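Scroll down for the structure; my scribbles are underneath it.
The values are calculated or read from the model by the stated rules, or taken from the named source; none is laboratory data. Small disclaimer: the values here were computed from a predicted structure and weren't measured. Cβ atoms come from the backbone with ideal geometry, glycine included; neighbour counts cover every protein chain shown. The area values use the complete protein model at the heavy-atom level, side chains included, leaving out ligands, DNA and RNA. Shrake-Rupley method; radii C 1.70, N 1.55, O 1.52, S 1.80 Å.
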Amino acid sequence: MMKNRLKILFVSSEVAPFAKTGGLADVSSALPKALFEAGHDVRVMMPKYGCISERKYVLRDVIRLRKIPVVIRGKEYAVSAKSAFIPETKVQVYFLEYKPFFDKKDLYVDSKTGKDFANNAERFALFCRAALETTRLLHWEPDVIHCNDWPTALIPWLLKNDYAEDVFFEKTRSVLSLHNVAFQGAFEPSVLPKIGLPAELAREGGNMEFYGRVNFLKLGSLYADFLTTVSPTYAHEIQSSEVMGAGLDSVFRARKKELIGILNGVDYTIWNPEVDPLIPSKYGAANLKDKLENKKALTERCALPFSPDVPLIGMITRLAEQKGFDILLEAAEKIFELNLQLVILGTGDSLYEKRLVELQKKFPQKLSLHITFDDDLAHLIEAGCDCFLMPSRFEPCGLNQLYSLRYGTLPIVHATGGLADTIVDLNRDPAKGTGFVFSEYSASALFDAIQRAVESYIDTKNWQKTAKRAMKLDFSWKTSAEKYVKLYSKLDSIKRKN
Ligand code: ADP
């Protein structure tokens, strides 16, 4: 029997719009919203980073959470919590504050040095423990604690160890969502005493041991009552090889009965060209011609020639190997021989940045580069481009290809993870196609897909028909949220794994 109203604590290291480095933030805002709309009691917890404006988001003190004692190996850390709602909703977010750890504006990487914060293990271990202590002080016993990625991955272990005898959490089950297993939170074993974990976890073959280091994601993956990934294909991929599982494939295989993929959805209140306040000309499938005004605005902003006949391709991405920059750079000279324009918005690896800057100098009429994080420009790119490029080596789900579909901006993607689950190749299936898909991860296969897109663009009528088909697809969170609720509801029957 499904319980009617579940109490769900959603714990995440980033939540849009408060703090975001990638797709995790979008999910951490949209999924709780969808769960709330489905009638559940959802609360979100995240760290209070220095970048989160208390004034802008109207953060309020919560009297009983002014001083939350979190004790780690006899040392007391005084955490406090403030609260606010996700904008335009009634979903409550608690911001856990411990200034010595979280006062900097950056989330994981110090932008001044380009390096991870040296105390990331201590920062997020404290966050995990503080989340549980805060929940207790709220006298709100969650049915499920939904954890996300390595920064929250100690929680499943804590529930079954430090809190094992605590009646407060007796009925609480844990879910750990794997948004990207390449990020694992691996540290030197010497951090264990500092974060209050027993040394045996680091022994060879121990639950946290990973090539001589200690690994948060491994521990969470072993102890969570259930694991999810953000697309069905990615759930298979991470078990399929050492490379795709980033070395944890055997752990994921061991949990295969408790591991499913649930595709991420889209928050169409934010990503919808019919109502998007960040684009100059609103449009939908019924007035697709108005999209062209956005192309004009985008080319002006990018100092590119405005040419309705030339396909404009967009990318919004971290500049990271994962995102396919090795094959893109290898194919670049040939790509720019084609009749197209490319806009890239992204930040990340300085090596890729340098190579892209060189390319822009060489092809100023064809490539416009924006090395920054800019949400407004991201929306304009979705609206103004004809195609969206995601040549990712691997992609757990990917959100931008889903946004692109709604904006009638046909995705060109490598067939991996969520990209494989969501985009149908137009040449292979002209009746259902929504984009251009290449299977082999290589510069030549990427080039071939881009070339096919450029050729297809010439047939304006069919292009528009395809764009309209893409725009009508529905990847809203409602369906995915229902799958999570189904999963949460069956957790009661799962015996605790020790
Ligand atoms: P990932 O989480 O691996 O970075 P996703 O496609 O799942 O990739 O999500 C990326 C999210 O971050 C999207 O909402 C995208 O628009 C946004 N994003 C990434 N880079 C930038 C940037 N430089 N400026 C604005 N938004 C960005």
If a helix is a whole DSSP H run, which ones in the chain reach 30 Å or further along their own axis (Cα) and hold a mean Kyte-Doolittle hydropathy of at least -0.5? none
Please give the contour-minus-distance gain from ASP309 to THR269: 0.36 nm per residue of separation, less the Cα-Cα distance, rounded to one decimal in nm. 11.3 nm
Percent antiparallel among DSSP beta bridges (both partners in the stretch 64-181, rounded to 5): 70 percent
Based on the mean of other beta carbon atoms within 10 Å per residue, what is the order of 209-218, 339-348, most packed first? 339-348, 209-218
How many percent of the accessible area of the chain is carbon or sulfur, using a 1.4 Å probe? 52 percent
For PHE10, the residues 5 or more places away or on another chain with a placed amide H closer than 5 Å to its own amide H are ARG43, VAL44, MET45, HIS146
Taking each pair of distinct Cα atoms in the stretch 381-472 once, what is the resulting Kirkwood hydrodynamic radius in Å? 12.7 Å
Given all pairs of distinct Cα atoms, the stretch 285-474 yields a Kirkwood Rh in Å of 16.2 Å
Restraint check, LYS33/LYS490; LYS7/LYS194; LYS171/LYS256; LYS282/LYS334; LYS33/LYS282, Cα-Cα greater than 27 Å: LYS7/LYS194; LYS282/LYS334
The stretch 319-406 pair-distance distribution - Cα-Cα, 5 Å bins, rounded %: 3, 13, 24, 27, 23, 9, 1
Packing-based order for 384-390, 255-261, using average beta carbon neighbours within 10 Å, highest first: 384-390, 255-261
Sum up the charges of everything whose Cβ sits under 13 Å from the Cβ of PHE447, counting Lys and Arg as +1 and Asp and Glu as -1, but leave PHE447 out. -4
Where does each of 6-12, 400-406, 475-481 land if you order them by average Cβ count within 10 Å, highest first? 400-406, 6-12, 475-481
Relative contact order for the chain: what is it in percent, counting Cα pairs under 8 Å that are at least 6 residues apart? 12 percent
On alpha carbon coordinates alone, what is the Rg over Rh value for the chain, Rh being the Kirkwood radius? 0.97
Roughly how many Å is it from the Cα centre of the stretch 270-340 to that of the stretch 387-429, as a whole number? 14 Å
Would you list, by chain and number, the aspartates and glutamates whose Cα falls below 15 Å from the Cα of LYS323, excluding same-chain residues fewer than 8 positions away? ASP349, GLU353, GLU395, GLU440
Hits among lysines - C-alpha to C-alpha of LYS105 under 23 Å, sequence gap 8 or more where chains match: LYS20, LYS48, LYS56, LYS67, LYS82, LYS115
Report, in deg cm²/dmol and to the nearest 500, the calculated mean residue ellipticity at 222 nm for the chain, where each DSSP H run with n ≥ 4 adds -39500 (n - 2.57) and the sum is divided by the residue count. -10000 deg cm²/dmol
For the stretch 99-167 and the stretch 179-225, what is the separation of their C-alpha centers, rounded to whole Å? 14 Å
For the stretch 111-169, what is the per residue volume of the convex hull drawn over the alpha-carbon atoms, in cubic angstrom? 95 Å³
Would you mind telling me the antiparallel percentage of the DSSP bridges in the chain, rounded to 5? 30 percent
